[in-house]
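For reference, the structure is listed below as structure tokens.
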Amino acid sequence: MTDNSSTRIRLVTFASALVLALSSFAFAQDSMSGQTSSTSTRTVASGEKVKVKGLVTARDFDSNTITVRDENGVSTRVQLSDATRVRQKGGFFGGGKNYAQTNILRGLRVEVEGRGDAAGNLAATKVEFNGGDLKVAQSLEARVDPVENRVNTAETRIGQVEQNAQRLSGQLDELAAISNAARGGAA
């Protein structure tokens, strides 16, 4: 065998191994993303007592609700009220520190207890979390909120640019029609 043909064989073998390795990596990413994207929403029957442990994925201060996703990917909408106790776990004889509801942030691991309301939400009577988890959630909020604000601003600007592009496209079509009409009249 010549040096050229053995070099080609090595090159083809290497390229094939590389393609196989990359395709298995891409397949693993697709299968992992498929697992996380398939979330469902739990509806709580009115009066049913429920305890949910999970991560706060959304917080709406206007409606005073949070969304908690458990380890199985099931989301539960939780309604907070003035009667909801928000506490840090631990302390002497299990008595933790009390917090305001505004300390419940996205990224916070919580345990929520309550009963179902008429809308299918969990009306929380108690929300508990670890102090370390609160620090992590506060850090996340401090880093994520400014980025989200910039993204929202960019999305608004992109929408405006798209509207301007559509308007200009319409004007170009109108000018082309006028130009064609003028050419036809001159002929």
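Report the percentage of all Cα-Cα pairs in the stretch 56-122 whose separation exceeds 16 Å, rounded to a whole percent.
Percent of Cα pairs beyond 16 Å in the stretch 56-122: 49.
Give the aspartates and glutamates reachable from LYS89 as a straight Cα distance under 19 Å; neighbours fewer than 8 places away on the same chain don't count.
Output for LYS89: ASP70, GLU111, GLU113, GLU128, ASP133.
How big is the C-alpha Rg of the stretch 96-171 next to the rule-of-thumb value 2.2 N^0.38 Å, as a ratio?
Numbers: Rg = 20.4 Å, N = 76, 2.2 N^0.38 = 11.4 Å.
Working it through for the stretch 96-171, the quotient is 1.79.
Using a 1.4 Å probe over the heavy atoms of the protein chains, calculate the carbon and sulfur portion of the accessible area of the stretch 69-187 as a whole percent.
Of all accessible area on the stretch 69-187, carbon and sulfur atoms account for 51 percent.
Could you order ASP133, ASP62 so the one with the most accessible surface comes first? Probe is 1.4 Å.
So, going from the largest accessible area down, we get ASP62, ASP133.
Using only the heavy atoms of the protein chains and a 1.4 Å probe, how would ILE104, ILE178 rank by accessible area, largest first?
Numbers: ILE104 0, ILE178 100 Å².
I get ILE178, ILE104, largest accessible area first.
In what sequence, largest accessible area first, do THR76, THR156, THR41, THR67 appear using a 1.4 Å probe?
Numbers: THR76 0, THR156 80, THR41 105, THR67 40 Å².
The ranking, largest first, comes out as THR41, THR156, THR67, THR76.
Between SER139 and GLU174, what is the label-point separation in nm under the 7 Å Cα-to-beta-carbon projection?
The two pseudo-label positions are separated by 5.6 nm.
Counting only residues 5 or more places away or on other chains, whose amide H sits under 5 Å from the amide H of LYS89 once H atoms are built in the peptide plane?
PHE129, ASN130, GLY131
Considering only the other residues whose Cβ falls under 14 Å of the Cβ of VAL86, what net charge follows from Lys and Arg at +1 and Asp and Glu at -1?
So the surrounding residues net to +2.
Which value, in Å², gives the accessible area per residue of the stretch 93-146 when a 1.4 Å probe is used on the protein heavy atoms? Write down the numbers at each step before the final one.
Numbers: 2840 Å² over 54 residues.
Normalised by residue count, the accessible surface of the stretch 93-146 is 53 Å².
Can you divide the C-alpha Rg of the stretch 137-185 by 2.2 N^0.38 Å and report the result to two decimal places?
The value comes to 2.20.
Could you report the accessible area of LYS53 in Å², rounded to 10, computed with a 1.4 Å probe on the protein chains as they sit in the structure?
Approximately 120 Å² of LYS53 is accessible to the 1.4 Å probe.
The values are calculated or read from the model by the stated rules, or taken from the named source; none is laboratory data. Remember, predicted model here, so these are calculated numbers, not experimental data. Virtual Cβ from ideal backbone geometry, glycine too; neighbours counted across all protein chains shown. Each accessible area value is taken on the protein alone, full model and side chains, heavy atoms only, with ligands, DNA and RNA left out. Shrake-Rupley method; radii C 1.70, N 1.55, O 1.52, S 1.80 Å.
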